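The values are calculated or read from the model by the stated rules, or taken from the named source; none is laboratory data. Since we're looking at a predicted model, the values are computed, not measured. So basically every Cβ, Gly included, is an ideal-geometry build from the backbone, and we count neighbours across all protein chains shown. Areas reflect the complete protein model, heavy atoms only, side chains present, ligands, DNA and RNA absent. Shrake-Rupley method; radii C 1.70, N 1.55, O 1.52, S 1.80 Å.
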Amino acid sequence: MIESDVARARGHMNLSRWNGYPPERQQEILSEISGLVRNRVMPLPRYLLLHPEARLSDAEVDYLYQWAKSERKRLKTASASANPAVTGSGQ
């Protein structure tokens, strides 16, 4: 069961290949992670039945949410710096 969950999850994102994703996809993944954790969808409830010690405390949920938020901001800033838009220059 867990093996199937892992395989399915890797079809959506594979953190072992994180550096191979473009920054925009990294931002999307971070957004997905933070939403799933904050809404307590992850870790999966059926996983928690087998591993109750994996249950996240409120502080851990908040920490992961804040971390993902700051990483998205960092990636967005880095991406904007690498690809500055030409605005207001008349070109």
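So, in nm, how far is label SER70 from label ARG8 when the simple model puts each one 7 Å beyond its Cα toward the Cβ?
3.3
Compute the long axis of helix 58-82 from its Cα atoms, compare it with the longest principal axis of the Cα atoms of the chain, and write down the angle in degrees, 0 to 90, nearest 10.
Computed tilt is about 20 degrees.
At SER31 and TYR63, where each label point lies 7 Å from the Cα along Cα→Cβ, what is the point-to-point distance in nanometres?
Spacing of the two 7 Å Cα→Cβ label points: 2.6 nm.
Ignoring ligands, DNA and RNA, what percent of the accessible area of the chain is carbon or sulfur (1.4 Å)?
Numbers: 3870 of 6990 Å².
Here it works out to 55 percent.
Bin by bin, in steps of 10 Å, what percent of the Cα pairs in the chain do you find, going until the bin that has the longest distance?
Bins of 10 Å from zero give 14, 37, 30, 11, 5, 2, 0 percent of pairs.
What does the accessible area per residue of the chain come to in Å², with a 1.4 Å probe and no ligands, DNA or RNA counted?
Details: 6990 Å² over 91 residues.
About 77 Å² of surface per residue is accessible.
If you line up the long axis of helix 23-38 against the longest principal axis of the chain, both from Cα atoms, how many degrees apart are they, to the nearest 10?
Helix 23-38 sits at roughly 40 degrees to that axis.
Along Cα→Cβ, 7 Å out, is where each label goes; now give me the distance between the ones at ARG40 and SER81 in nm to one decimal.
Output for this residue pair reads 3.9 nm.
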